[in-house]
1. Ignoring the sites themselves, what is the longest stretch of the chain with no trypsin sites (Lys or Arg not before Pro) in a DSSP loop and at most 11 other beta-carbon atoms within 10 Å?
2. Using the heavy atoms of the protein chains and a 1.4 angstrom probe, tell me the accessible area per residue for region 112-165 in square angstrom.
3. Ignoring ligands, DNA and RNA, what percent of the accessible area of the chain is carbon or sulfur (1.4 Å)?
4. With a 1.4 Å probe and all protein chains left in place, how much accessible area per residue does region 207-327 have, in Å²?
5. Sort TRP320, TRP387, TRP288 from largest to smallest accessible area, using a 1.4 Å probe on the heavy atoms of the protein chains.
6. Using the alpha carbon gyration tensor of region 255-321, what are the three equivalent-ellipsoid semi-axes (square root of 5 times each eigenvalue), largest first, in whole Å?
7. Tally the DSSP beta bridges in the chain and give the antiparallel ones as a percent, rounded to 5.
8. Any idea what diffusion coefficient region 171-273 gets from Stokes-Einstein, in µm²/s, Kirkwood Rh on alpha carbon pairs, 4 °C, 1.567 mPa s?
Amino acid sequence: MGSLDIMQKLEVLADAAKYDASCASSGTARRNSAGGKGIGSTEGMGICHAYAPDGRCISLLKILLTNHCVFDCHYCINRKSSNVRRARFTPQEVVDLTLSFYRRNYIEGLFLSSGIVKSSNHTMEQLVEVARILREEHDFRGYIHLKTIPDADSELIHQAGLYADRVSINVELPTEAGLTRLAPDKDARRIEGAMGVMKAAIAEAKDEKKRFKHAPKFAPAGQSTQMIVGADAANDAQIVGKASKLYEAFGIRRVYYSAFSPIPDASAVLPLKRPPLVREHRLYQSDWLMRFYGFAPGEVMQATGADGMLPLDIDPKLAWALKFRERFPVDVNRSSREMLLRVPGLGVRAVDHVLASRRHRRLRLGDIARLTVSIAKVRPFIVAADWRPTLLTDRADLRTLLAPRAEQLELFAP
Ligand code: SF4
C-alpha cells in the first residue's frame, strides 16, 4: 500500500467509512456534478453531517484510519476475507488532512473509525494518537467523534473520551446469537463492558466538573452506537427492546439503525436483499416515541404485529393508537400532556402549543388543524370544543382511511 498517495488513500478510506451510519447523511437521491455538469454532488465520499451538542448541524471529515482488519465480520466489506483494495493512513496523515480541510472551511470536525490492525490496543492507540495530536499539538477546537474498539484496554478507552467530543462503540447486531453468527470475533459482553466503562467515566467527569471548574471535559457529546437491521433474523420488537436496554443501562445518547445493505463480495451467510428502507425509518420513529413521546419500550413493542415487526404502511404511533382505540378520543382541552403525545399526527411542539393555548381559551378543531400537517389523521383521536368523532374512532376501516399511499414516506410527526 506504500504506493498509494494521500488522495488515493482518502478515496479508499472515505469510501470504506460510508457504511457506518453513526453520522448519517445517507438516504438521499444520487446526484453528481462530475464532468462539469451542474454544481454539487451527493455521491462524493468523505464528508458527513452530525449534530453538535448545541444542536448545530456540522460537517465532518468521515474516514477510516485503515480498512485492513484482522476480524471477519460477515456483514462488513472490510473484513479479513474480503477482496477489497486496502489502504492505511498514519495518524499524522489524518491530522494533516483534517487541518487542511478545516482551514479551507470544508469541515468542522472529524469522524474517525478503523479496521483492527495488529491488535485492538494497537488500533485504539493509533485512533487516540490522532485526537491527541489534534488537541494537544494543534489546539484543535473542532468536533471529534472517535469510534472505540471494545476489546481495547479501559485506559485507552478513557483517553479517547478525554480528547473526543463523542465516542461510539457499535453494538452491531440486536441479539447475541446474531453477533456470534455474523461477527464471530466479537463478544457482546465485551462490547457492553466497554459501554459501561464509558458511561462511568462520563458520569465521573460530569461530577468533577460540578466540583472543579477546570476539570477536563470528557466526551461532552456522550456515547452513541449503531445497530445493523436486517442482516440477521431479529425482529423489530427485539431491536426496540435492545435499544431501550442500551439507553437505560449505558446512557447512550443515540442509537443509530442501519438497514443492512448487501456488499460487493458478500459472505454466503447474509441475506441477498436489503430490508426495505422504510423499516429503518419505522425504527427511528419508534426510537423517537421512547425518547421524546414518553412511550415505554413495552408500549412500542405493542405496536408490532404477531411477527414482532412494525407495520411498514403506517407509523408506529398510529399503529399503537389503532390497537388501543379504547384510550381515545382524548380531549384537547382537558387531557394530560402524556395522552396528547399519543395522538397520531400531534408532535411534541404541537402538544406544547395546545397546553399553552388552552390556558386562555377552549380549542376548536380549526386550532388543532393549524398545528398539524394532517388533521384527517388527528380527527378520529381527539375531542375539541366543536368536534367529537362519534363513530369515526371505531370504524373497522380506519386504518385504510389513514394509511398513506404506498409510495409516500412520512418523514415528520410520528
Ligand atoms: S471489526 Fe468487523 S466491522 Fe469492524 S472493520 Fe473489522 S470486519 Fe469490519
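The values are calculated or read from the model by the stated rules, or taken from the named source; none is laboratory data. All figures in this text were calculated on a predicted structure; none of them were measured in a lab. Cβ coordinates were reconstructed from backbone atoms using ideal geometry, including for glycine residues, and neighbour counts include every protein chain displayed. Remember, those area values only see protein heavy atoms, side chains included, never the ligands or the DNA or RNA. Shrake-Rupley method; radii C 1.70, N 1.55, O 1.52, S 1.80 Å.
1. Values: sites that count: ARG30, ARG31, LYS37, ARG56, ARG104, LYS118, ARG141, LYS213, LYS273, ARG334, ARG359, ARG361, ARG370, ARG405.
It runs 142-212.
2. Details: 2010 Å² over 54 residues.
Ligands and nucleic acids excluded, the result is 37 Å² per residue.
3. On the way: 10490 of 20050 Å².
Answer for the chain: carbon and sulfur cover 52 percent of the accessible area.
4. Values: 5330 Å² over 121 residues.
The answer is 44 Å² per residue.
5. Working: TRP320 5, TRP387 60, TRP288 110 Å².
The most accessible residue leads, giving TRP288, TRP387, TRP320.
6. Working: eigenvalues 142, 32, 19 Å².
Calculated on Cα positions only, the semi-axes equal 27, 13, 10 Å.
7. On the way: 7 of 30 bridges.
Restricted to the chain, the bridges split so that about 25 percent are antiparallel.
8. Values: Rh = 15.3 Å.
My calculation gives 85 µm²/s for D.
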